[in-house]
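As structure tokens, the structure follows; a few thoughts come after it.
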Amino acid sequence: MADLRAQYQSVKEEVDRAVLDVLATAQFVLGDRVARFESRIAAVCGAAHGVGVASGTDALLLPLVAMGIGPGDEVIVPSFTFVATAEVVCLAGAAPVFAEIRPDTFNLDPEAVAAKITPRTRAILPVHLYGQMADMGALREIADRHGLRIIEDAAQAIGAEQRGRRIGQAGDAAGLSFFPTKNLGAAGDGGMVLTNDAALAERLRNLRFHGSGGTYYYANIGYNSRLDALQAAILEAKLGSLDRWNEARRANAAYYRQALAGTPLLLPVEADGNRHIYHQYTLRVPEGVDREALRAHLQKRGIASAVYYPLSVHLQEAYARFGEGPGSLPETERAQRQVLSLPVYPELTAEQREHVAAGVRSFFTGRETA
């Protein structure tokens, strides 16, 4: 589903130089490298502040804590997401409240969100799933009407846009992930919080360094969650390629849209006003077509596929007590039965993507050639 070796080779000179520079300066934790990278990412995303942290998960947890969200509070989240979205709410001491998704984009349905608001609701945590932004205009209106905060889970969406605005502009904070397979990936874990709130940014910097901001005086109970300089250097070296890589993903998605148009598969929808950056190319396998048989067919032909995500969070054992059980989120549960992701990474060659499309088509036609 990704070729990290090929990506490294494409930026090897820049990455190697950046790593050696950090080793030579021996400034490994925070410092000028991290501060510069924070400023560059904030500028790319249109936010005033970037605060580097240890992971994409921490990039969601620390804003919740910084906003004072905790025991007795509720945060509205999707269930069709990577588990960290709900996990951080629990780690902050609050309760996740699962809301339904839209069937076209797989993102939170604003009407479903509005129906879940109670006197205990403090925030909405939308996910920009697969690289496409949720309906931030509608969610912002709901949040403002009820006095709620918005923390965007933008782990899969760096470079995505909605009506000309990028992530980090519509919410109170947005969390990025630099996990190696993301559109901008580190050589390990890393994350960043984007915000336009200077006071929130300062509190986040304090929390990430044990509640001290780097001194031996502690105003808060904090965390050890700092983006290290090696990762910042690697990410900064890759940053100049981000737009090119995202455009390559979009080109691969456009090819699939044309090449798979004659199959029964339900292809991804790019909502009006959105610039989808295809962290994943996720289609639906309709009822009546055996998804696992299709996956086995592709595997025999050396074609990777993946299911993101096979069991929604509200049905997971650890989170069942927060949900309403099977059948409570029908669109979410239908998505988990139907979704299938195909390789869309930017290093995919024309020959490889043709092989993927031909393999998919042959499942339906019984013929090995297009």
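Taking region 95-119 on its own, how many of its residues are open to solvent by 10 Å² or more (accessible area, probe 1.4 Å), among the aliphatic types (A, V, I, L, M) and in contact with a strand residue (DSSP E or B) (Cβ under 8 Å, 6 or more places away or on another chain)? Adding up the residues that qualify gives 5. Of the residues 216, 255, 278, the single one that is at pLDDT 95 or above and in a loop (DSSP other than H, G, I, E, B) is 278.
Of the residues making up region 5-42, just one is at pLDDT below 95, within 26 Å of the chain's Cα centre (by Cα) and surrounded by fewer than 19 Cβ atoms within 10 Å (Cβ to Cβ), namely 29. Could you check how many residues of region 118-137 are under 24 Å from residue 334 (Cα atoms) and out of contact with any Phe, Trp or Tyr (no Cβ under 6 Å at 6 or more places or on another chain)? So the answer is 11. Summed over region 141-164, the residues that are of a type outside the set (Gly, Ala, Ser) and within 27 Å of residue 339 (Cβ to Cβ) give a count of 10. Looking only at residues in region 261-275 that are part of a loop (DSSP other than H, G, I, E, B), in contact with a strand residue (DSSP E or B) (Cβ under 6 Å, 6 or more places away or on another chain) and among the hydrophobic types (A, V, I, L, M, F, W, C), which one is farthest from residue 249 (Cα to Cα)? Once the filter is applied, the top-ranked residue is 265. Scanning region 321-370 for residues being within 17 Å of residue 286 (Cα to Cα) and under 24 Å from the mean Cα position of the chain (by Cα) gives a total of 13.
Would it be correct to say that residue 303 is surrounded by 19 or more Cβ atoms within 10 Å (Cβ to Cβ), assigned to a loop (DSSP other than H, G, I, E, B) and not basic (Lys, Arg)? Against the criterion (surrounded by 19 or more Cβ atoms within 10 Å (Cβ to Cβ), assigned to a loop (DSSP other than H, G, I, E, B) and not basic (Lys, Arg)), residue 303 does not qualify. Taking region 55-108 as the range and being among the polar types (S, T, N, Q) and over 24 Å from residue 306 (Cα atoms) as the test, no residue passes.
Looking at 321, 334, 295, just one residue is exposed (fewer than 13 other Cβ atoms within 10 Å of the Cβ) and assigned to a helix (DSSP H, G or I), and that residue is 321.
The values are calculated or read from the model by the stated rules, or taken from the named source; none is laboratory data. Please read these numbers as outputs of a predicted model, since none were measured by experiment. Glycine also receives a Cβ, built like all others from the backbone with ideal geometry; neighbour counts cover every protein chain displayed. Surface areas here come from the heavy atoms of the whole protein model, side chains and all, with no ligands, DNA or RNA. Shrake-Rupley method; radii C 1.70, N 1.55, O 1.52, S 1.80 Å.
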